[in-house]
1. Using unit Cβ charges (K, R positive; D, E negative) and no other charged atoms, how large, in debye to the nearest 20, is the dipole of the protein assembly as shown about its Cα centre?
2. Could you compute the FRET efficiency for residue B:119 and residue A:241, with r as their C-beta to C-beta distance and R0 at 41 Å, rounded to 0.05?
3. Run the reach check for residue B:53 against lysines, Cα to Cα strictly under 29 Å, same-chain hits fewer than 8 apart removed. What comes back?
4. Regarding the protein assembly as shown, what are the three Cα extents along the principal axes, ordered largest first, in Å?
5. What FRET efficiency comes out for the pair residue B:251/residue A:88, r = Cβ-Cβ distance, R0 = 56 Å, nearest 0.05?
6. Quick check: pseudo-label points 7 Å beyond the Cα along Cα→Cβ at residue B:242 and residue B:20, how many nm apart are they?
7. Out of all DSSP beta bridges with both ends in the protein assembly as shown, state the antiparallel percent to the nearest 5.
8. Rounded to the nearest whole Å³, what is the per residue volume of the convex hull around the Cα atoms of the range B:56-151?
Amino acid sequence: MTKTRSIDWIKAAPWLATIGLFVIWELACLVFQIPWFILPAPTRVAYAAWEFGPALWNNSLQTLWTTLSGFALAIVFGLFLGLFIGWDRRIYAALYPLMIGFNSIPKVAVVPILVLWFGTGWIPAVLTAFLISFFPIVVNVATGLATIEPEMEDVLRALGAKKLDIMTKVGIPRSMPYFFGSLKVAITLAFIGSVLSETIAANSGVGHMMLTAQSNFEVPLVFACLIALAIEGIGMYAIMSWVEVRMTGWAHRSGFNR
Amino acid sequence: MSFVEIENVSLRYKPQGDEEGTLAVEDLNLSVEKGSFVAVVGPSGCGKSSLMKLATGLNFPTSGKVTVAGQDVHGPVSITGMAFQNPVMLPWRLTRDNIMLPLEVVEPHRRTFRRDKAANRERVDALLASVGLEGQGSKYPWQLSGGMQQRASLCRALIHEPELLMLDEPFGALDAFTREELWQVIRDLHAERKFTTILVTHDLREAVFLADKVFVMSARPGRVIVERDVDLPRPRDIDLTYEKSFGDIVQELRSHIAKARE
Ligand SMILES: Nc1ncnc2c1ncn2[C@@H]1O[C@H](COP(=O)(O)OP(=O)(O)O)[C@@H](O)[C@H]1O
Ligand SMILES: [Mg+2]
């Protein structure tokens with residue numbers, strides 16, 4: 001036999017691309033003789049990661065913990081506020097511009113204020129993660145409620161349904177795919193927020209570690225931190241995508257929300 | 001007194017911005033006898049859907065009076081069932097559970113909904129069978145074709161045994177064959193259960209085939225300009241639609257509509 005098993009190229013493609021990127025990077029460093037303090041080769045980065053393994057691991061866990069805490073706050077608050085805003089058109093009209101205004105503030109500008117209130121450390125990082133990530137949750141949940149088909153509302157209202165009936169039977173289940181869909185965006189933002197705050201005002205976490213490595217001129221370690229962040233980010237995104245598909249299967253199969 | 005009475009009704013919608021609100025219907029008079037089947041036809045935007053909302057108590061007249069079953073309409077009229085062009089099923093519920101939705105909401109069923117779950121289920125399945133959807137209750141609505149969804153939507157409108165059925169262009173989005181099949185479904189249901197029916201449609205053949213009486217409305221603001229009794233004998237067969245007596249009525253209505261649009 002010449003061919004035993006065909007390769008699933010779609011499955012293999014992301015791995016091949018990633019490996020390819022590192023190979024090109026390594027070769028480029030070799031061929032162009034790029035100094036390690038400008039762009040260290042992947043092998044050098046890997047060595048740094050191994051050398052500082054325990055510290056890198058602990059700081060990654062710290063960042064993960066911060067991100068998840070901020071994310072959890074964002075879920076609770078975002079769901080609540082989204083339901084509140086979507087409940088009534090008037091509330092929606094009143095609060096939507098405020099929300100947009102709030103969201104357009106660059107969150108870097110908020111960190112100094114948080115430090116002023118809570119000092120440096122864990123709390124401002126969690127709050128930054130929270131502040132940056134609750135917005136998509138709110139908007140998505142509110143949209144799910146606000147886009148109930150008017151015919152559906154008519155059918156139920158004619159039967160004497162109260163607002164609460166319409167919300168529990170139609171609005172809230174309807175907004176769930178929007179909610180779960182927003183989680184992967186939100187977790188990515190929460191991650192950005194926590195790292196952002198860690199690089200400005202913290203004494204642990206990958207963001208802080210990068211800053212320290214940079215001031216000690218440990219360039220390979222800076223890159224190792226960067227790659228650790230990328231891995232963490234991909235992992236969280238993947239988990240949230242999986243949750244989305246698991247929780248809202250009907251929405252995917254029925255073509256809802258497209 | 002008729003079952004549904006609409007007397008000198010005008011409806012003006014709330015103004016949007018600085019434009020003054022649309023006057024949807026004006027001096028509208030219409031009465032429907034208990035158990036009869038009437039159709040309302042008219043140019044697009046003449047206030048047919050507004051009429052439905054007035055009769056079901058979802059909207060209130062700016063002036064005039066609406067009574068249903070001898071009572072002034074001041075709020076939702078829960079003895080009505082409704083179906084629209086868009087079947088609007090909830091995709092996360094099985095078809096059967098979609099059809100049961102009114103029972104979860106309307107009095108007095110909502111109080112006994114949990115207790116009567118098994119009986120309700122049988123009712124739904126019997127109703128599904130009567131519209132030709134035997135055994136389809138355990139599918140999700142998006143697994144059904146457009147015509148099947150519309151049948152299910154009819155079931156949802158009828159599950160609480162309403163005395164008044166309101167149909168707002170329910171077959172408008174279906175192909176010609178499916179539409180004629182559904183005409184026969186609704187004809188049989190009406191013959192069997194005798195609920196008063198108001199059908200809004202832009203299909204004159206549909207109106208003549210199903211109704212005892214057809215109201216023609218003018219362009220906006222809508223008013224009834226012609227009231228035409230359809231005295232074709234029942235039960236009506238689909239072949240009737242190819243006969244001259246049928247075609248004549250359709251033709252007559254068409255000329256009224258043409259005038260209404262001028
Ligand atoms: N909720 C609403 N608010 C304001 N104007 C409306 C509303 N619903 C309908 N209208 C207006 O009232 C008129 C009649 O509408 P409708 O009753 O839907 O007509 P039809 O069903 O005969 O096509 C239209 O001009 C429409 O724009
Ligand atoms: Mg209409």
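Bear in mind these aren't lab numbers, they're just calculated from the coordinates by the rules spelled out. No experiment lies behind these values; they were computed from the predicted model shown. Neighbour counts are summed over all protein chains in view; Cβ atoms, including those assigned to glycine, are modelled from backbone coordinates with ideal geometry.
1. Numbers: 49 positive and 50 negative charges, 211 e Å.
In total the dipole reaches around 1020 debye.
2. Details: r = 43 Å, r/R0 = 1.04.
Calculated transfer efficiency: 0.45.
3. Correct list for residue B:53: A:162, A:163, A:169, B:14, B:34, B:65, B:194, B:213, B:259.
4. If we take the Cα atoms of the protein assembly as shown, the spans are 96, 71, 53 Å.
5. Numbers: r = 50 Å, r/R0 = 0.89.
My answer for the efficiency is 0.65.
6. Spacing of the two 7 Å Cα→Cβ label points: 5.3 nm.
7. Numbers: 18 of 37 bridges.
Taking every DSSP beta bridge within the protein assembly as shown, about 50 percent pair in antiparallel fashion.
8. Values: hull volume 12.3 nm³, N = 96.
Convex hull of Cα atoms, per residue: 128 Å³.
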